[in-house]
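All remarks here apply to the structure that follows.
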Amino acid sequence: MGAHVVFEGGAWQVVGLQGQQVRLLDEQGTAVTLLAAYLFAADDFALVGAAVAVPVPQWGMFATVPLREQERALAWQRHIREVETGLPDAASTSGLAPRPEYDPATRTLAQRELAKAQELTALGFGSVARTTVQRMRLEYRKKGLWGLVDHRTTRTHSPTGRTDERVVAAVLEAMRRQRGRSRGTVKGLRQLTAQVLEERHGLGVVKVPAQATFYRLAAVLADPGERPGGPARTAGKPARPYRPTRVLRPGEQVMLDTTRLDIFAVFDNGTTGRPELTIALDVASRSILAAVLRPAGTKAVDAALLLAEMATPHPVRPTWPQVLELSRAPVPYDLLLDADARLRGAAARPVAVPETVVVDRGRVFVSEAFLAAAETLGISVQPAPPRQPAAKGPVERTFGSVNSLFCQHVAGHTGSNPARRGPRAETEALWSVAQLQDLLDQWITTEWQNRPHEGLRHPSMPAAALSPNEMWGALLGTCGHVPLPLTGADYVELLPVVWKPITERGIRIDHRTYDHHALNPHRGQPSGINAQRGRWEVHHNPHDQRQVWVRLPDGQFTAVPWIHAEYIHQPLADDLWQHLKSTVERRGSREQHEADLARALDDLLFKVRTGQASARERHLAARQAPASLPHDLNPGPAPGEVRDEGRERTSRAAADDGSAGPARAETGDQSGDGHASESTAARACLAGARSAPPQGQNGDDGRATRGGWPGEESLDELGPDEDDDEDLDGRGAWPGEEQEGAFALYDARKEAELW
């Protein structure tokens with residue numbers, strides 16, 4: 001009561017107190033009543049006449065002072081305490097009487113200050129006046145021990161020293177011009193600085209510092225990440241601090257990334273190499289939701305299908321023990337089974353529908369195919385901030401754990417760097433990519449999902465580290481499980497999309513023709529989608545171009561095969577097709593060119609299979625689908641089959657004179673379903689393709705027939721595809737092509753005579 005305070009820019013007096021309420025009165029007689037907490041929280045609140053507390057000693061800054069000045073400041077502190085209290089140190093001199101000249105009971109403060117000035121002068125502090133003692137005492141009251149330091153010893157000097165400010169500005173401008181470009185040398189920066197000085201001040205007005213001085217100046221002014229001569233970085237300004245996101249639900253945040261596995265694997269063609277591993281890590285439970293191995297060249301479609309694999313239960317392999325089933329895991333299995341019947345017989349691995357996926361800015365994860373797949377599944381894609389390694393720390397650390405806990409125990413381990421690689425690492429490779437995939441899946445289910453993780457803690461059991469499966473089971477109790485059933489059409493929906501017209505020839509994509517009798521009612525007809533100018537929606541798999549899927553007016557997908565699909569019996573990747581396009585010279589019509597490409601593909605696969613291909617061709621052939629189980633470098637003849645190498649070479653030699661086309665094993669078909677057995681079809685494909693007669697000489701009427709799928713129509717006298725990306729001449733035809741021309745694909749009689 002009666003105290004004076006400052007509030008909202010005015011002076012008030014406390015005239016009443018009742019509980020938490022304070023009543024104030026100003027000089028004009030205005031009275032207000034407010035809560036004490038509101039009064040104390042005001043920005044300008046102050047208590048008039050309150051003693052100023054001595055600040056806490058700034059020991060951190062005091063430690064930067066030279067030792068001699070520290071001792072001098074501590075001595076001043078003892079003398080000032082004696083002037084104010086009569087005793088230099090109350091703790092060590094308790095019970096002692098102050099000296100007579102410093103006794104506060106008999107001497108005034110001014111007398112004590114004068115006595116201390118005389119004493120310090122006698123002790124060798126120099127000529128100390130009373131005003132000096134008074135000034136040091138007031139500084140001690142304001143700043144504590146830091147106020148007693150001689151601040152001439154704490155002055156900071158300019159990093160550029162006495163260098164001309166115009167030179168400093170020119171160096172900064174030269175560094176700004178170099179930012180974002182390839183890194184140069186300090187000598188080149190000095191020349192650029194001279195040009196800047198000449199542009200701004202004229203020739204010879206401001207001199208460039210000497211070389212040694214300029215080197216020191218450049219080291220001081222340059223950012224640590226932009227110093228000349230050092231490695232270049234991607235941006236010219238410092239990155240913002242990274243703050244991790246807190247996740248509380250499975251699938252709330254999933255991180256995707258791809259790296260090469262530290263294991264040599266055996267590819268389909270017998271060569272060895274390091275496959276690529278793409279994983280999806282659930283941040284909340286540290287569970288590996290999906291892991292996919294590819295021989296090489298992970299594509300956007302792989303990442304897109306990885307999104308669907310996270311929401312699909314992983315089945316238990318027939319060779320796995322029953323302990324790896326989900327029913328044995330520490331999760332509410334009965335409740336999960338009621339929500340999703342697909343979990344019966346599933347492996348003990350989490351199933352979660354991602355809400356947000358965190359990806360780097362690689363072209364696989366920012367492609368249209370991946371973004372479209374994420375949008376289809378309702379998944380938000382969050383690119384990691386640039387130059388922020390911690391943004392994807394969990395998935396990067398998981399790769400290290402896979403290499404240390406799994407890879408080093410597998411034959412063909414390469415080590416984390418060439419210095420740790422054994423001299424015979426490539427010869428130790430025993431497993432195919434598919435076999436490694438099976439081993440990795442079993443290791444994830446057995447080891448990773450049941451291994452305690454130091455970063456997983458339960459609120460009620462903070463001392464115990466939980467495994468990913470245990471954390472998943474704990475989080476299911478709070479958020480539950482929502483299944484996402486996917487059908488085969490859903491997987492087709494996730495494949496990349498192209499928009500093409502359905503012409504009389506079928507569908508043309510990158511020098512390949514796809515056709516089927518299901519397209520007959522829609523040839524030459526628009527799709528009705530005006531945004532795509534009447535073109536049709538076509539989905540394709542870059543790893544297997546043997547067929548495409550087109551969405552017909554009923555909304556369902558229809559598989560349409562490549563007209564030369566019988567040439568090969570393994571997936572046709574886009575990389576291999578692009579290689580063929582760059583090596584096969586175009587001759588005649590585009591049908592002839594497509595047939596030449598198909599024959600070149602058959603020749604390439606034959607050379608790879610017989611060991612005659614080059615290293616480049618073997619590498620391209622290896623970038624197909626993962627190898628089949630079990631891996632066999634030298635497959636023998638099929639059961640009941642006798643391989644005739646001489647006849648096979650003869651059939652290959654006969655390929656030089658005939659035009660190529662897909663072979664259809666009409667003769668020798670005893671299966672009853674319109675298709676020969678695999679080995680018979682393969683031989684017929686090789687022989688028939690190479691023995692096809694010239695145009696107009698197959699069949700009785702000279703018309704071409706197209707094999708491969710039962711019930712297909714012939715391609716006689718068809719015009720060019722107006723929407724194809726190949727070049728047309730001025731007549732609307734392909735160079736060297738006759739509008740009414742046709743080409744032969746297969747002749748059963750010629751084939752019978754050959755065999």
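At a glance:
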{"item": "Restricting region 202-216 to residues that are surrounded by 13 or more Cβ atoms within 10 Å (Cβ to Cβ) and touching a Lys or Arg at 6+ places or on another chain (Cβ under 8 Å), the residue that is farthest from residue 164 (Cα to Cα)", "result": "214"}
{"item": "Search result, residues across region 454-478 that are within 24 Å of residue 335 (Cβ to Cβ), touching a residue at least 40 places away in the same chain (Cβ under 8 Å) and open to solvent by 50 Å² or more (accessible area, probe 1.4 Å)", "result": "470, 477, 478"}
{"item": "Among residues of region 113-138, those that are over 13 Å from residue 83 (Cβ atoms) and in a helix (DSSP H, G or I), counted", "result": "4"}
{"item": "Meets criteria (open to solvent by 30 Å² or more (accessible area, probe 1.4 Å) and at pLDDT 85 or above) for residue 520", "result": "yes"}
{"item": "Number of the condition not met by residue 502 [criteria: (1) among the β-branched types (Val, Ile, Thr); (2) crowded, with 21+ Cβ neighbours inside 10 Å; (3) within 31 Å of the chain's Cα centre (by Cα)]", "result": "(3)"}
{"item": "Output for region 406-434, where each listed residue is over 26 Å from the mean Cα position of the chain (by Cα) and not in a loop (DSSP other than H, G, I, E, B)", "result": "409, 419, 420, 426, 427, 428, 432"}
{"item": "Region 224-251: number of residues that are at pLDDT 75 or above and open to solvent by less than 40 Å² (accessible area, probe 1.4 Å)", "result": "3"}
{"item": "Within region 552-590, considering residues that are out of contact with any helix residue (DSSP H, G or I) (no Cβ under 8 Å at 6 or more places or on another chain), of a type in the set (D, E, K, R) and in a helix (DSSP H, G or I), the one farthest from residue 602 (Cα to Cα)", "result": "590"}
{"item": "Members of region 420-441 found to be in contact with a strand residue (DSSP E or B) (Cβ under 9 Å, 6 or more places away or on another chain), of a type outside the set (D, E, K, R) and open to solvent by 30 Å² or more (accessible area, probe 1.4 Å), listed by number", "result": "422, 427, 430, 431, 435, 437"}
{"item": "The one condition in (1) open to solvent by 30 Å² or more (accessible area, probe 1.4 Å); (2) touching a residue at least 40 places away in the same chain (Cβ under 8 Å); (3) not polar (S, T, N, Q) that residue 321 fails to fulfil", "result": "(2)"}
{"item": "Within region 420-459, considering residues that are of a type in the set (A, V, I, L, M) and modelled with pLDDT under 85, the one farthest from residue 249 (Cα to Cα)", "result": "425"}
{"item": "Residues that are closer than 25 Å to residue 486 by Cβ and in contact with an Asp or Glu (Cβ under 9 Å, 6 or more places away or on another chain), drawn from region 373-397", "result": "373, 376, 377, 378, 379, 380, 381, 395"}
{"item": "Residues being surrounded by 19 or more Cβ atoms within 10 Å (Cβ to Cβ) and in contact with a strand residue (DSSP E or B) (Cβ under 8 Å, 6 or more places away or on another chain) - total across region 282-304", "result": "15"}
{"item": "Conditions (1) within 27 Å of residue 438 (Cα to Cα); (2) at pLDDT 85 or above; (3) touching a helix residue (DSSP H, G or I) at 6+ places or on another chain (Cβ under 8 Å); number of the one not met by residue 307", "result": "(2)"}
{"item": "Considering residues of region 524-554 that are surrounded by 14 or more Cβ atoms within 10 Å (Cβ to Cβ) and of a type in the set (D, E, K, R) only, the residue nearest to residue 572 (Cα to Cα)", "result": "544"}
{"item": "Residues of region 353-368 that turn out to be touching a Ser or Thr at 6+ places or on another chain (Cβ under 8 Å) and open to solvent by 10 Å² or more (accessible area, probe 1.4 Å), as a count", "result": "4"}
{"item": "Count - residues of region 160-183 that are surrounded by 14 or more Cβ atoms within 10 Å (Cβ to Cβ) and over 15 Å from residue 221 (Cα atoms)", "result": "1"}
{"item": "Test: residue in region 335-347 that is part of a loop (DSSP other than H, G, I, E, B) and under 16 Å from the mean Cα position of the chain (by Cα)", "result": "no"}
{"item": "Residue 77 vs. criteria more than 60 Å from the chain's Cα centre (by Cα), modelled with pLDDT of 90 or more and in a helix (DSSP H, G or I)", "result": "no"}
{"item": "Filter result (more than 18 Å from residue 443 (Cα to Cα) and without any contact (Cβ under 8 Å) to a residue 12 or more places away in the chain) within region 394-425", "result": "417, 418, 419, 420, 421, 422, 423, 424"}
{"item": "Selected residue (only one of 369, 341, 374 is free of Cβ contacts under 8 Å to residues at least 12 places away in the same chain and either in contact with a Phe, Trp or Tyr (Cβ under 6 Å, 6 or more places away or on another chain) or small (Gly, Ala, Ser) (or both))", "result": "341"}
{"item": "Residue ID - nearest to residue 62 (Cα to Cα), chosen from residues in region 139-158 that are in contact with a helix residue (DSSP H, G or I) (Cβ under 7 Å, 6 or more places away or on another chain) and part of a loop (DSSP other than H, G, I, E, B)", "result": "149"}
{"item": "Selection within region 293-325 - within 13 Å of residue 442 (Cα to Cα) and of a type in the set (A, V, I, L, M, F, W, C)", "result": "316, 320, 323, 324"}
{"item": "Hits in region 366-380 - residues which are at pLDDT below 85 and either hydroxyl-bearing (Ser, Thr, Tyr) or in a loop (DSSP other than H, G, I, E, B) (or both)", "result": "366, 367, 376, 377"}
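For (1) open to solvent by less than 50 Å² (accessible area, probe 1.4 Å); (2) hydroxyl-bearing (Ser, Thr, Tyr); (3) under 20 Å from residue 74 (Cβ atoms), each residue gets a yes or a no:
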site	(1), (2), (3)
100	no, no, no
109	no, no, no
129	yes, no, no
148	yes, no, yes
158	no, yes, no
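The values are calculated or read from the model by the stated rules, or taken from the named source; none is laboratory data. The structure displayed is predicted, hence computed values, not measured ones. When we count neighbours, we look across all protein chains shown, and the Cβ atoms used for this are built from the backbone with ideal geometry, even at glycine. In case anyone asks, the SASA skips ligands and DNA or RNA and just uses the protein heavy atoms, side chains included. Shrake-Rupley method; radii C 1.70, N 1.55, O 1.52, S 1.80 Å.
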